[in-house]
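Remarks on the structure that follows.
Derivation of every value follows stated rules applied to the coordinates shown; laboratory data play no part. Since this is a predicted model, take the numbers as computed values, not measurements. Note: ideal-geometry Cβ built from the backbone for every residue, glycine included; neighbour counts use all protein chains shown.
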Ligand code: NAD
């Protein structure tokens, strides 16, 4: 099948081409992101392969449909960038990679926790400059601390397991209870109790209308002073301005984020020679107790191999008219 691959980076080309060599779909790699201006590039392609920042909204889907596209293949798990209702109306099937690196993402969250707590990011710079002072590097033991996990699906559960290994108490909130989380000694509580009792809160739920700005000024006011927030899920789970106020007052003691609400303007590109116009993001980078990575939690070789294998298998299922377990559909409105 002829597939237009958007937002191509060297690593996408490398891993998708390797996985495709025994299958021989016709992959055509495009560097631009998919949006209503670039959708014309996919004219004549029955399938289009996209990543997290491609804009698969209704106008883009209409252009794709008129060019003959019948399949959108997400090479990621989250699908908040796709208008599933419009896709269904246009007869376009949407498939994704539901799990490719739950361990990688959970391990990255732990990396953020350890770096922020023990200030490894600051120590790295100091030692390189011959500054061996310990002033300002004071940390705390993770043992005995309470970790609140919001969203206990694949990634949240793995994080629970790892933090249990450190000797932490695990509190959890999810719309569904995961018996595996309870089996490892975690307790499901209401969100208010997570906010009030957690020393570290880590977000692992999807971005939906219900979870948008889940961490805002009301939530922050309920938190333990000096606590840590970790977000490796989606940027808009956090109201960034409210978090900045929380950091300034000291209510939030540490912030570790791999995702950012307006990240599509920044992440995955080398902007080191440009003037970044996003004042909110720039403000965040000035705090010594904030650690930001650019949506790299998933980025392990294991994950890229899994993404490529599942992405190609999804294409083959569609081409051969087989039911695909990874198809996603718009939820009926209540
Ligand atoms: P998952 O579907 O296995 O788990 C998500 C959990 O969130 C589910 O248990 C679900 O019941 C729960 N949930 C849904 N709505 C909720 C709500 N309103 N409140 C609380 N919980 C709710 O997903 P996963 O594989 O664990 O991934 C979690 C998130 O991580 C994804 O949504 C994605 O946005 C993000 N992610 C980020 C990266 C990265 O590189 N930073 C990579 C992969 C996934």
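Values as computed for the structure displayed
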quantity	calculated
For region 1-49: rounded, prolate or oblate by the Cα gyration tensor [a/c cutoff 1.5]	oblate
For region 7-41 versus region 160-177, the gap between their alpha-carbon centres in whole angstrom	38
Mean ellipticity per residue at 222 nm, deg cm²/dmol - from DSSP H runs of n ≥ 4 across the chain, formula -39500 (n - 2.57)	-10000 deg cm²/dmol
Mean separation of Cα contacts under 8 Å (6+ apart) over length of region 102-292, as relative contact order %	18
Potential extension, residue 190-residue 85 segment - 0.36 nm per residue separation minus Cα distance	34.6 nm
Calculated over the chain: convex hull of Cα atoms, volume per residue (Å³)	157
Relative contact order, percent, the chain [alpha-carbon distance under 8 Å, six or more residues apart]	17
Residues of region 89-128 with amide N under 20 Å of a point placed 7 Å along Cα→Cβ from residue 285	112, 116, 120-126
Residue 210 versus residue 9: modelled label distance in nm, points set 7 Å from Cα along the beta carbon direction	3.2
Pair residue 183, residue 137: separation of 7 Å Cα→Cβ label points (nm)	4.1
Using alpha-carbon coordinates, inclination of helix 154-165 to the longest axis of the chain, degrees	30
Among 309, 174, 218: highest mean-square fluctuation, GNM of the chain, C-alpha pairs under 10 Å	218
With Cα atoms, 0 to 90° folded angle of helix 102-118 axis to the chain main axis	30
GNM flexibility winner over the chain from 173, 11, 188 (Cα, springs under 10 Å)	11
Helix axis angle, 301-319 relative to the chain longest principal axis, alpha carbon, degrees	30
Residue among 232, 208, 311 with the largest mean-square fluctuation in a Gaussian network model of the chain, springs linking Cα atoms under 10 Å	208
Three-way shape call for region 133-250 based on the alpha-carbon gyration tensor, with the a/c threshold at 1.5	oblate
Difference of contour (0.36 nm per residue) and Cα-Cα distance, residue 329 to residue 43	100.6 nm
Gained length - residue 321 relative to residue 276, 0.36 nm times residue gap less alpha-carbon distance	11.6 nm
